[in-house]
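Worksheet: one structure, shown below.
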Amino acid sequence: MVQGTQMRAHLCGIQTAWTDATDAREAVIAIASVLDRASIGHLLLFFSPAYSTTELTAAVAEQFPGVGLAGCSTSGGISPAGAIDRGFVAIAFPREGFRIVSDVLTEIDRLDVESAASSVRALRRTLDQGRPDRDPGQRFALSLIDALANAEETVVSAVAWALDGIPLVGGSAGDDLAFSGTVLIHQGEVHTNAAVLILVETDFPIRIFKSDNFEPTAQKFVVTAASEETRRVYELNAEPAAREYAMAVGLDPEHLTPMSFAAHPLAVKIGGEYYCRSISRLDPDGSLTFFCAISEGAVLTLAQPRDIVEATRAELSSLDTALGGLDVVIGFDCVLRRVDAESRQVRHKISDLYRRYGVVGFETYGEQYRSMHLNQTFTGIAIGLGNAV
């Protein structure tokens, strides 16, 4: 586990820094003291929900005047030195080699899709200015979304459509599995019920990715009663949802926990491929609330986990080979993957992999990949050591 304040300078010019300081202002000052602030053009911050967000943004404005800012609360940070359960992680993009624009979408629980698409297109036009010879393969988009607005599917669909081929990855803000309040920041303002979109163009080789560690079984469930708006499933196979799920996995329906859900995920088949639809909590009435939207009539498949360490190692090794070595990986890792790794006593092995390959990011309530909102997945953008474009 991380102790104190540390930083790493990456060859592409990105600086990463992290701290376990418990006070927001002290944490920002500590991070500022280890970074080369003169070279920074944009900051990404992933922080503990225990922080005062108002104090955090005020301290950032004081320590990093004129620097672009985006970030969100988490269910844990990922640093090049290991996991951070409290504190925060900073990713400082340099002015040289990276061109970044960003915007915030508000009131996403009733998102105007056309308005959101227009905002994304405006960002693209801004990024286009002065670069007629740009290489579209050197662009990517990052999304940070308020998970408790229950709107990721709508947001991701609208954004991906307007990005017109620019690949999107991202994560849903967390709050340490409390499910009481997630928060985002953008350019000094604090937001809830919102999404932040960041478009990046870089001179360095990049590749987006997603990795999971589950495979489908023969056990199926049909959602026979649900509220798509609240993501609650009341019945599976015309039986109370929690009881039917618990019977299938051999557990007591009254004592289902995040560890239960992490060990026995559910998946939906889309276009011939399975995508995880994780359960976030057991409700008092015996219903199940999910991290993703679930509609009546959906067919869910019980999945079984594969070796999470080997699946993660294989993905990072493949990226390392493809990009001529990994310089830094900005990762969005589902909090249920951490829960599962802890239950299997392999979290330290995952942390070792993240240290080896320079992964930095946060533990999420959901992951975005292209036009999909996912669960129990590790997504991100890898920046390679190959020759600059």
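Below is a table of values for the structure above.
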{"read-out": "Candidates Ala262, Ala293, filtered to the one that is part of a helix (DSSP H, G or I), within 25 Å of the chain's Cα centre (by Cα) and touching a residue at least 60 places away in the same chain (Cβ under 8 Å)", "value": "Ala262"}
{"read-out": "Tally of residues being in contact with a helix residue (DSSP H, G or I) (Cβ under 8 Å, 6 or more places away or on another chain), of a type in the set (Gly, Ala, Ser), closer than 16 Å to Cys334 by Cβ and not in a loop (DSSP other than H, G, I, E, B) across the stretch 66-100", "value": "2"}
{"read-out": "Qualifying positions in the stretch 298-316 - open to solvent by 50 Å² or more (accessible area, probe 1.4 Å) and either over 30 Å from Glu244 (Cα atoms) or in a loop (DSSP other than H, G, I, E, B) (or both)", "value": "Arg306, Asp307, Glu310, Arg313, Ala314"}
{"read-out": "Every residue from the stretch 243-297 that is within 20 Å of Ala226 (Cα to Cα), open to solvent by 10 Å² or more (accessible area, probe 1.4 Å) and of a type in the set (A, V, I, L, M)", "value": "Met247, Ala248, Leu256, Val268, Ile270, Leu282, Ala293"}
{"read-out": "Listing of strands (runs of 3 or more DSSP E) fully contained in the stretch 1-49 that carry 1 or more residues being open to solvent by 70 Å² or more (accessible area, probe 1.4 Å) and out of contact with any Asp or Glu (no Cβ under 7 Å at 6 or more places or on another chain)", "value": "5-9"}
{"read-out": "Lone unmet requirement of (1) touching a helix residue (DSSP H, G or I) at 6+ places or on another chain (Cβ under 6 Å); (2) over 24 Å from Gly71 (Cα atoms); (3) aliphatic (A, V, I, L, M); (4) modelled with pLDDT under 95 for Leu316", "value": "(4)"}
{"read-out": "Residue tally, condition open to solvent by less than 10 Å² (accessible area, probe 1.4 Å) and out of contact with any Cys (no Cβ under 7 Å at 6 or more places or on another chain), over the stretch 364-377", "value": "2"}
{"read-out": "Output for the stretch 325-357, where each listed residue is surrounded by 22 or more Cβ atoms within 10 Å (Cβ to Cβ) and not in a helix (DSSP H, G or I)", "value": "Leu326, Val328, Val329, Ile330, Gly331, Phe332, Asp333, Cys334"}
{"read-out": "Only one of Glu239, Glu273, Glu254 that is among the acidic types (Asp, Glu) and modelled with pLDDT of 95 or more", "value": "Glu239"}
{"read-out": "Of all residues making up the stretch 228-242, the number that are loosely packed, with under 15 Cβ neighbours inside 10 Å and either touching a residue at least 40 places away in the same chain (Cβ under 8 Å) or within 17 Å of Phe261 (Cβ to Cβ) (or both)", "value": "2"}
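The values are calculated or read from the model by the stated rules, or taken from the named source; none is laboratory data. Note that the structure is a prediction, hence the values are computed from the model and not measured. FYI the Cβ positions are ideal-geometry reconstructions off the backbone, even for glycines, and counts take in every protein chain you see. Accessible surface is based on the protein model in full, side chains and every heavy atom, while ligands, DNA and RNA are left aside. Shrake-Rupley method; radii C 1.70, N 1.55, O 1.52, S 1.80 Å.
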